[in-house]
Amino acid sequence: MMPNSYFLGDILKVVFKVEPSEQWQTKETLLSKNQWKNLLEGHGFIVQKIYSYNKYPELFKNGSLKLKSIRKFIKTFLMKYFCPFNLSWQFIFLCINKE
C-alpha cells in the first residue's frame, strides 16, 4: 500500500485550517499515484492495475456494541464511498517484474 500525497482528508484539513496529521512512521514517503507508478516502473516493474484504498467506516468498537464517534463514522463513510480515485488515502499497485 502506497500512501497518497494528495489525500482528500489532508486537503480538507488544510482548507478548514485544522492541523494536518503527523506521519507516525520513522520514514514515510508520500507521493501521488503517477509518482508511485513512475517509481515502480523505474525499478523494473510493470504496473498492471491500480486500486484505491480508504479506511473502512466502523460504527462499533471491536468486540462490543459500544458506539464509536458518529461524526467520525459519517466522515469515514463519505471518504470510503465518495472520494475520487486520485484523492484516495492509499493506492495498491498490482505489478509484475519486467524480466
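Data overview
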quantity: Tabulated pairs, the range 51-80, first closer than 30 Å to residue 36 by Cα, second β-branched (Val, Ile, Thr) and surrounded by 13 or more Cβ atoms within 10 Å (Cβ to Cβ), C-beta under 7 angstrom, 6+ apart or interchain; calculated: 55/76; 57/76
quantity: Breaking point among (1) under 18 Å from residue 80 (Cβ atoms); (2) exposed (fewer than 13 other Cβ atoms within 10 Å of the Cβ), for residue 12; calculated: (2)
quantity: The listed residue being among the aromatic types (Phe, Trp, Tyr) and within 18 Å of the chain's Cα centre (by Cα), out of 45, 16, 7; calculated: 7
quantity: Failed item in (1) in a loop (DSSP other than H, G, I, E, B); (2) surrounded by 13 or more Cβ atoms within 10 Å (Cβ to Cβ), with residue 22 passing the rest; calculated: (2)
quantity: Qualifying positions in the range 25-34 - over 16 Å from residue 10 (Cα atoms) and either basic (Lys, Arg) or surrounded by 15 or more Cβ atoms within 10 Å (Cβ to Cβ) (or both); calculated: 27
quantity: Search result, residues across the range 61-87 that are surrounded by fewer than 10 Cβ atoms within 10 Å (Cβ to Cβ), part of a loop (DSSP other than H, G, I, E, B) and at pLDDT below 90; calculated: 62, 63, 64, 65, 66
quantity: Counted residues, the range 37-60 - those being part of a loop (DSSP other than H, G, I, E, B), at pLDDT 90 or above and exposed (fewer than 13 other Cβ atoms within 10 Å of the Cβ); calculated: 2
quantity: Residue in the range 91-99 that is loosely packed, with under 10 Cβ neighbours inside 10 Å, of a type in the set (D, E, K, R) and either within 20 Å of residue 30 (Cβ to Cβ) or without any contact (Cβ under 8 Å) to a residue 24 or more places away in the chain (or both) present; calculated: no
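The values are calculated or read from the model by the stated rules, or taken from the named source; none is laboratory data. All values reported here derive from a predicted model rather than from experimental measurement. We place every Cβ from the backbone using ideal geometry, glycine too, and count neighbours over all the protein chains shown.
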